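These notes are about the structure you will find just below.
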Amino acid sequence: MKTLLFANTAWYLYNFRLPLAMALRAEGHNVVLVSPGDEYSQQLKEAGFKWIDFPFSRKGQNPIQEIGTILRLAKLYREEKPDLVHHFTVKCVLYGSLAAKLTGIRRVVNSITGLGYLFIGNNLSLRIIRPIVLTMYRIGLKSSQVIFQNEDDLRQFQQYNLVEKKQVNIIRGSGVDIQRFTPTPEPDGRKVVVLPARMLWDKGVAEFVQAARILGKENLNAIFVLVGDTYTENPAAVPEAMLREWQSEGVVEWWGWQSDMPGVYAKSHIVCLPSYREGLPKTLIEAAACARPLVAFDAPGSREVVINGDTGLLARFKDAGDLADCLRKLLMDAEGRHRMGLNARILAEKEFSTDRIVRETLTVYSKLQGDGITE
């Protein structure tokens, strides 16, 4: 059986879906990976997979260009003739679903990995585009199996009548390798609070910096660190000049992109992701697996991992002052950090291991094939 996985970056496929691709290959599937090219393209090929470069603009809004992208994708589907296609990230779900309909592919799985800027933003252009995108969702998702990462996203799709009950599956994230992300003791010295994410405003970067300003005036012996690269294609990207300005002021440190995230978590005492909305935040799951206490806004996706008072603390939405209060509480409570960190590890092992997520995903595939995953 030929299975095609389509995402908006090779980085996403490598970092989030490689275990799924490997499990499919082990089951005897001919696996094809499709995405725009980036520095991870070669790593996908070195892992033994056929990878196809499919460039497209992730922020393009020219109707003619976007229709052209759908038609190019339909041409690729005709050439590859996959038995099953699985789409990840917003544009890939929309365009991949329409391309599958154009080419008669009946076995379609769509993963809603977060609602993205389209649903979070509220400027005039988004209010104009949103009804069009909702119509595309309504057409594209019909007859497919749809995977949601949290109940909040599911409720929003049901509110817009985009899915039926028989299509719905809840799979909490893309999984974490609990053998790679393991608990380590807290480091000595200054306490380190880390925000690991792409540097986007809707990841709560501004509120984190504001909380750092508040707490920096107190004698807490703590530093606040941003870990992640800029993402210029996203309209919510934090300018690099701003990041460097904050660092020069001494408000936060900016470590940029880091390949060794277990090492980053080992250097930290608290992991904070005050995102406005997530599907299921992988960085919080990774930090949980490393037995670090978590702090986040009380927002969709984040509250799936941050159980208030158990695995971490939830701050009021977009409230930098309350975020500072939560961080202060944990900075001053070593016993609480230890207890919540251990609870976070237990949750990661029970709910978010890669093996469990892959197994649940293969079960969704089997719904489209009647008598099992292989043919």
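The values are calculated or read from the model by the stated rules, or taken from the named source; none is laboratory data. Nothing here was measured: the structure is a model prediction, and the numbers come from that model. When we count neighbours, we look across all protein chains shown, and the Cβ atoms used for this are built from the backbone with ideal geometry, even at glycine. Accessible surface is based on the protein model in full, side chains and every heavy atom, while ligands, DNA and RNA are left aside. Shrake-Rupley method; radii C 1.70, N 1.55, O 1.52, S 1.80 Å.
The table for this structure:
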quantity: Residue list for the stretch 243-266, filter: at pLDDT 95 or above and either open to solvent by 70 Å² or more (accessible area, probe 1.4 Å) or of a type in the set (Val, Ile, Thr) (or both); calculated: ARG244, GLU245, GLN247, SER248, GLU249, VAL251, VAL252, TRP255, ASP260, VAL264
quantity: Qualifying position, being in contact with a Cys (Cβ under 8 Å, 6 or more places away or on another chain) and either part of a loop (DSSP other than H, G, I, E, B) or not aliphatic (A, V, I, L, M) (or both), among THR184, THR230; calculated: THR184
quantity: Test: residue in the stretch 5-28 that is touching a helix residue (DSSP H, G or I) at 6+ places or on another chain (Cβ under 7 Å), part of a loop (DSSP other than H, G, I, E, B) and either at pLDDT 95 or above or open to solvent by 60 Å² or more (accessible area, probe 1.4 Å) (or both); calculated: yes
quantity: Failed condition for SER366, given (1) polar (S, T, N, Q); (2) at pLDDT below 95; (3) not in a helix (DSSP H, G or I); calculated: (3)
quantity: Residue, nearest to ALA324 (Cα to Cα), within the stretch 189-242, restricted to residues that are in contact (Cβ under 8 Å) with a residue 60 or more places away in the chain and open to solvent by 70 Å² or more (accessible area, probe 1.4 Å); calculated: GLN210
quantity: Scan of the stretch 270-290 for residues that are farther than 17 Å from VAL227 by Cβ and buried (at least 24 other Cβ atoms within 10 Å of the Cβ), ordered by number; calculated: GLY279, LEU280
quantity: Residue match in the stretch 294-315 (condition: basic (Lys, Arg) and open to solvent by less than 10 Å² (accessible area, probe 1.4 Å)); calculated: no
quantity: Qualifying residue in the stretch 355-374 (condition: touching a Phe, Trp or Tyr at 6+ places or on another chain (Cβ under 7 Å) and open to solvent by less than 40 Å² (accessible area, probe 1.4 Å)); calculated: yes
quantity: Residue satisfying condition, being within 21 Å of the chain's Cα centre (by Cα) and either open to solvent by 10 Å² or more (accessible area, probe 1.4 Å) or closer than 16 Å to MET136 by Cα (or both), within set VAL108, VAL34; calculated: VAL108
quantity: Matching residues, the stretch 111-131, being modelled with pLDDT under 80, β-branched (Val, Ile, Thr) and either under 30 Å from GLN369 (Cα atoms) or within 21 Å of the chain's Cα centre (by Cα) (or both); calculated: ILE120
